[in-house]
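Structure, as structure tokens:
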Amino acid sequence: MNRIVYIFFFLAIANTISARQDSYKLVSPDGRLVSNIYIGERDAKYDIVYNGTTILLPSSIGLEKQGRTKNLMLVKSIEKQTIDEVISSPFTRQANMRNHCNETKFRLSNGLSLVFRIYDEGVAYRFVWEGKPDNVVRETVEYRFADDWITTAPYVISFVEDNHDIQYCTSFENHYKTMPISQLDPRRLCFLPLLVHGPNGIKICITESSLCDYPGLYLKGTGAGGQFVGEHAPLPKRVEQGGHNNLQLIVKEHEKHIAAMDRSKQFPWRITMVAQNSTELAMNNMSYLLGEPSRISDISWIRPGKVAWDWWNSWNIGGVDFEAGINNDTYKHYIDFASKYGIEYVILDEGWAVNGKADLFQVVSEIDLPMLVKYAAERNVGLILWVGYYAFDRDMERVCRHYSDMGVKGFKIDFMDRDDQLVTDFYRRAAAMCAKYRLVADFHGAFKPAGLNRTYPNVLNFEGVFGLEHMRWAQLEWNQIQYDTEIPFIRQASGPMDYTPGAMLNGTRATFRPNSMEPMSQGTRCHQLALYVVLEEPLAMLCDAPTNYEKEPEYTRFVADMPTVWDETRVLQGEVGEFVVTARRKGTTWYVGGITNWTERDIEIDLNHLKTDGNNVEVYRDGANAHRRAGDYKHETLTDKRLKIHLAPGGGFVAKY
């Protein structure tokens, strides 16, 4: 690791602070971004100016401890440092990331510190608790944008007008709403990340990182032009087992505070990413950089890769002499398929453990897990087990030890559906326990990544996305193709996802129909293929049935051979909600993938800018009739590195170079 740190210290004596607000100016390393910090006796504010354009007007921040609201912000001392280091970022979109920022830490008089970091790519701040144990009643978070700009934001799904608390129970999966900030429903919470479209193409994305043992942040509009205010789920006081198959803990009563602190604490980083355009935003690494450093010294056992998945395709295989379902023969078939194509894992999704019991030691009689684990290992395939949140949490170490000893490689942990303090602490505990027993983790039913995948690199995927699973029961008006061209710039700004692409039955706008037994995707076959390049999924599912993949072995081999983690990533072209073209390198091989919304378009790409030892370009592109038959595609090998690609409505392409 290369690290250059320049540290400058100076003191500001507390008794010189008057009732006025003193201001401090922070400047990014390249000078484009400026933030002025205003600190008074009882509050603090900050603004953001980008290339001379005011982005954020002075916006309030604060932390209210129980019973102590006076003299919150008296400054005792200030420490400044410039950080310039290269950190290892395994199992992400690039092998290494540069962490380059200017940091200012304000030590306050009541045991709190306020830390700001300003990058070329954005501004982040956090509080640090260095005093006595106490409760956090509320945290003031405000974003006062310079104008009533357009936002692209996801509401929480659960909303009952007379029951505000129900919004704190959410799967963090919803489509985006695009409208002026002032038109957001002030009764409804939005979860992060969310996007603001600034002037002259500037994009602003709000998220958080280093979220651990503290509730996640929601934002809501106020009805005033350009203003968001923050909100956090209160600390649960009483929970009951219930929900989906008795696998959840349902909050029945809340405390009056949002968090209880029994020790020194670094609070989450509040991140405002600022980019000149959409493609620059899609390359922002602040969420990962602001996560806590890795706590796993040996990561050699962590294995990302592809996954043959059973649930989306409803175990719907054919051409066999047994009845498909949750049984040994079916899973041996999935394992044989994975082994044939070099797919690293098979997931046993919901159903292998007895439903309704929330007991992971009660395995259904149709499944012989030790036999299947051995059968898979002999074929160089690992098994990952789906588990419900409460079933896993109630006996976490025993579960991890038992299944690790058996040879299981990891868990897909589902149905947390909250981000209050109890659940964010569960994520940390689950990640640490899985790491102790050398198990990978995939958090489904989860909030967005918030730095945990840096701290525990064995955590490979997070859901928090309206993924392909919804196409099983989709309403016909849902526009998944539009959403696909938004998430590379918004949701993916916070980190990897569990979207689960790979549909082999594909529909145009006219032919798509939801079907839970034989599900299909919206958009073309090459759109599905391109998602393996455009989206970040260290555990990348092949969501369809082996039967459908086996009908097209050359295509399936191409999918199975694609990497899932990368040495380098470049977003070449794109605009939020319209299209995106992404290039990713593994070793000396580049993959370039692109998708469009329901608007067909022609794009040109010069691959000569991507240095490689290769001469030929292997291309999968939409077929001539993909606009009416979405499964139509063309596979060809070219020698010309200047590609001209036509994308059908809802289309895509992949080039391997």
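Points to keep in mind about this one:
- Hey, Gly67 on the phi > 0 side of the Ramachandran plot, at pLDDT 95 or above and not polar (S, T, N, Q) or not: no
- Within region 13-31, the set of residues being modelled with pLDDT under 95, surrounded by fewer than 17 Cβ atoms within 10 Å (Cβ to Cβ) and under 23 Å from Tyr50 (Cβ atoms) comprises just one member, Ser23.
- Screening the candidates Lys634, Lys644 for the property of being open to solvent by 30 Å² or more (accessible area, probe 1.4 Å), among the charged types (D, E, K, R), assigned to a strand (DSSP E or B) and without any contact (Cβ under 8 Å) to a residue 24 or more places away in the chain yields one hit, Lys634.
- Of all residues making up region 367-425, the number that are in contact with a strand residue (DSSP E or B) (Cβ under 8 Å, 6 or more places away or on another chain), part of a helix (DSSP H, G or I) and of a type in the set (Gly, Ala, Ser): 2
- Qualifying residue in region 536-551 (condition: hydrophobic (A, V, I, L, M, F, W, C) and either surrounded by fewer than 23 Cβ atoms within 10 Å (Cβ to Cβ) or under 22 Å from Lys177 (Cβ atoms) (or both)): no
- Qualifying residue in region 595-610 (condition: in a loop (DSSP other than H, G, I, E, B), in contact with a Cys (Cβ under 9 Å, 6 or more places away or on another chain) and surrounded by 15 or more Cβ atoms within 10 Å (Cβ to Cβ)): no
- Only listed residue being open to solvent by less than 20 Å² (accessible area, probe 1.4 Å) and within 17 Å of the chain's Cα centre (by Cα), chosen from Phe447, Phe426: Phe447
- Residue in region 37-56 that is touching a Leu at 6+ places or on another chain (Cβ under 6 Å), closer than 23 Å to Leu217 by Cα and either assigned to a strand (DSSP E or B) or open to solvent by less than 20 Å² (accessible area, probe 1.4 Å) (or both) present: yes
- Restricted to region 89-109, and to residues there that are hydrophobic (A, V, I, L, M, F, W, C) and part of a strand (DSSP E or B), the residue that is surrounded by the most Cβ atoms within 10 Å (Cβ to Cβ) is Cys101.
- Some residue of region 473-483 being aliphatic (A, V, I, L, M), open to solvent by less than 10 Å² (accessible area, probe 1.4 Å) and not in a loop (DSSP other than H, G, I, E, B): yes
- Subset of region 34-68 [closer than 21 Å to Ile78 by Cα and hydrophobic (A, V, I, L, M, F, W, C)]: Val34, Ile37, Ile39, Ala44, Ile48, Ile61, Leu63
- Residue identified as in a loop (DSSP other than H, G, I, E, B) and either touching a strand residue (DSSP E or B) at 6+ places or on another chain (Cβ under 7 Å) or more than 19 Å from Cys212 (Cβ to Cβ) (or both) among Gly445, Gly464: Gly445
- Test: residue in region 388-399 that is at pLDDT 95 or above and exposed (fewer than 14 other Cβ atoms within 10 Å of the Cβ): yes
- Tally of residues being among the small types (Gly, Ala, Ser), touching a Phe, Trp or Tyr at 6+ places or on another chain (Cβ under 8 Å) and in a strand (DSSP E or B) across region 257-292: 1
- In the set (1) closer than 19 Å to Leu348 by Cβ; (2) open to solvent by less than 10 Å² (accessible area, probe 1.4 Å), Gly507 fails one condition alone, (1).
- Lone unmet requirement of (1) open to solvent by less than 50 Å² (accessible area, probe 1.4 Å); (2) free of Cβ contacts under 8 Å to residues at least 24 places away in the same chain for Lys340: (1)
- Some residue of region 235-243 being outside any strand (DSSP E or B) and at positive phi: yes
- In the set (1) in contact with an Asp or Glu (Cβ under 9 Å, 6 or more places away or on another chain); (2) open to solvent by less than 10 Å² (accessible area, probe 1.4 Å), the condition left unmet by Trp311 is number (2).
- First in region 41-61 and in contact (Cβ under 8 Å) with a residue 60 or more places away in the chain and within 13 Å of Ser23 (Cβ to Cβ), second anywhere and in a loop (DSSP other than H, G, I, E, B) and open to solvent by less than 10 Å² (accessible area, probe 1.4 Å), Cβ under 7 Å, 6 or more apart: Ala44/Met73
- Qualifying positions in region 350-366 - of a type outside the set (Gly, Ala, Ser) and either part of a strand (DSSP E or B) or modelled with pLDDT under 95 (or both): Val363
- Candidates Val141, Val137, filtered to the one that is more than 25 Å from Gly198 (Cβ to Cβ) and β-branched (Val, Ile, Thr): Val137
- Qualifying position, being in contact with a Leu (Cβ under 7 Å, 6 or more places away or on another chain), modelled with pLDDT under 85 and surrounded by 15 or more Cβ atoms within 10 Å (Cβ to Cβ), among Leu112, Leu74: Leu74
- In region 188-198, the residue that is most open to solvent (accessible area, probe 1.4 Å) out of those that are in contact with a Lys or Arg (Cβ under 8 Å, 6 or more places away or on another chain) and over 13 Å from Ser278 (Cα atoms) is Arg188.
- Which listed residue, of Val34, Val86, Val5, is more than 30 Å from Asp134 (Cα to Cα), at pLDDT 95 or above, more than 27 Å from the chain's Cα centre (by Cα) and part of a strand (DSSP E or B): Val34
The values are calculated or read from the model by the stated rules, or taken from the named source; none is laboratory data. Everything quoted here is computed from the prediction, not taken from an experiment. Neighbour counts are summed over all protein chains in view; Cβ atoms, including those assigned to glycine, are modelled from backbone coordinates with ideal geometry. For the accessible areas, the whole protein counts, side chains as well, though only heavy atoms, and no ligand, DNA or RNA atoms are used. Shrake-Rupley method; radii C 1.70, N 1.55, O 1.52, S 1.80 Å.
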